[in-house]
Amino acid sequence: MQQAIAILDSGVGGLTVVKEVMRQLPREKIIYFGDTARAPYGPRTPEEVCSFTEQIVDFLSQFDPKMIVIACNTATAAALEYIKGKVNVPVIGVIHPGARAAISATKTGQIGVIGTLGTIRSGAYITALKELNPGVEIVSKACPTLAPLVEQGRYETPEALELVQESLTEIRFYSLDCLILGCTHYPFLKKEIRQVMGPNVKLISSADETAREISTILYQKNCLARGNEIPIHQFFCSGDPEIFRKIALQWLGEQIELTPIVWQVANPS
């Protein structure tokens, strides 16, 4: 039986990574968990996010995945190193792939980062970017209203452009040539972000680079799927399955096999 790649997120944002994995690695089976009942993770404490991530990893481990992908920037910042020490399969996050893509793309060394409160507060992107190139200049901005907009399926509404304009008011006046979409929900708003930032700012989504890293690691470990078997992906969510199913259909272009999971949910204070 084919071992799957397990991908988890606070909600629907990780579907941007799923879409790239399906495109780049069409033979690979994916098991996805979106913690939609407890999204967004951004306002929560790192300890809470780490605890939620551990709970989801424990759930996904029953499927014996060959790799775990934390497709959530907030959870990557809070829990990646902890989860790496807890499981015996490769674990990757989305921050380093995104940082690498930005360093590769920038011509001026002026890089912007937008993300959730948790991701921006953690300084994880600044650390990752400076490790790769200490000379880059970085401007960071938390955009706490954008991920909830996507979770509610309101990313193709006039309100979406208004919220993006409001969120990027300050950062768009810097001389940036790259902007990292430091939340996997933000590619859903790529059109609006591009409209506000203008054509001279390259938008960096970590989804492409994360899928490439998955491919590289599985190749190195001789774990790439073989044969012509068409994988049947499995999706789980902890919140409203109808909203999740609708967003997945719009984003992935296909119906999905979705199982709702109910567990104790604590809301952010």
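The values are calculated or read from the model by the stated rules, or taken from the named source; none is laboratory data. What you see is a predicted model; the values in this text were computed from it and never measured. Cβ placement follows ideal geometry from the backbone for every residue including glycine, while neighbour counts extend to all protein chains displayed.
Considering only region 78-101, I want to know if a residue exists there that is over 14 Å from the mean Cα position of the chain (by Cα) and crowded, with 24+ Cβ neighbours inside 10 Å. Within region 78-101 (the criterion being over 14 Å from the mean Cα position of the chain (by Cα) and crowded, with 24+ Cβ neighbours inside 10 Å), the answer is no, since none of the residues qualifies.
Restricting attention to region 32-43, does a residue exist that is small (Gly, Ala, Ser), out of contact with any helix residue (DSSP H, G or I) (no Cβ under 9 Å at 6 or more places or on another chain) and in contact (Cβ under 8 Å) with a residue 24 or more places away in the chain? Yes, region 32-43 has at least one match. Would you check if there is a residue in region 1-10 being farther than 23 Å from Phe188 by Cα and either free of Cβ contacts under 8 Å to residues at least 24 places away in the same chain or crowded, with 20+ Cβ neighbours inside 10 Å (or both)? Yes, region 1-10 contains a residue that is farther than 23 Å from Phe188 by Cα and either free of Cβ contacts under 8 Å to residues at least 24 places away in the same chain or crowded, with 20+ Cβ neighbours inside 10 Å (or both). Of the residues Glu192, Glu254, Glu209, Glu213, the single one that is acidic (Asp, Glu) and not in a helix (DSSP H, G or I) is Glu254. Among the residues of region 233-248, none qualifies, meaning not one is free of Cβ contacts under 8 Å to residues at least 40 places away in the same chain and either among the aliphatic types (A, V, I, L, M) or not in a helix (DSSP H, G or I) (or both). Output the residue which, of all residues in region 195-232 that are under 19 Å from the mean Cα position of the chain (by Cα) and free of Cβ contacts under 8 Å to residues at least 60 places away in the same chain, is nearest to Ala105 (Cα to Cα). Taking the candidates together, the pick is Leu203.
Going by the structure shown, is Ile256 surrounded by 14 or more Cβ atoms within 10 Å (Cβ to Cβ), closer than 25 Å to Ser122 by Cβ and aliphatic (A, V, I, L, M)?
Details: surrounded by 14 or more Cβ atoms within 10 Å (Cβ to Cβ): yes; closer than 25 Å to Ser122 by Cβ: no; aliphatic (A, V, I, L, M): yes.
No.
Scan region 181-194 and give yes if some residue there is touching a residue at least 60 places away in the same chain (Cβ under 8 Å), closer than 24 Å to Thr36 by Cβ and among the aromatic types (Phe, Trp, Tyr), otherwise no. Yes, there is a match, as at least one residue in region 181-194 is touching a residue at least 60 places away in the same chain (Cβ under 8 Å), closer than 24 Å to Thr36 by Cβ and among the aromatic types (Phe, Trp, Tyr). The set of residues in region 149-166 that are surrounded by fewer than 24 Cβ atoms within 10 Å (Cβ to Cβ), in contact with a Ser or Thr (Cβ under 8 Å, 6 or more places away or on another chain) and closer than 23 Å to Asp35 by Cβ contains only Leu163.
Consider Leu149 carefully, then state whether it is in contact with a Leu (Cβ under 8 Å, 6 or more places away or on another chain), among the hydrophobic types (A, V, I, L, M, F, W, C) and within 29 Å of Ile247 (Cα to Cα). Step through it out loud before you land on a result.
Working: in contact with a Leu (Cβ under 8 Å, 6 or more places away or on another chain): yes; among the hydrophobic types (A, V, I, L, M, F, W, C): yes; within 29 Å of Ile247 (Cα to Cα): yes.
It is true that Leu149 is in contact with a Leu (Cβ under 8 Å, 6 or more places away or on another chain), among the hydrophobic types (A, V, I, L, M, F, W, C) and within 29 Å of Ile247 (Cα to Cα).
Looking at the structure I just gave you, is Leu176 touching a residue at least 40 places away in the same chain (Cβ under 8 Å), surrounded by 14 or more Cβ atoms within 10 Å (Cβ to Cβ) and part of a loop (DSSP other than H, G, I, E, B)? Criteria met by Leu176. Looking only at residues of region 1-60 that are in contact with a Leu (Cβ under 6 Å, 6 or more places away or on another chain) and of a type in the set (Gly, Ala, Ser), we find that the one that is modelled with the highest pLDDT is Ala6.
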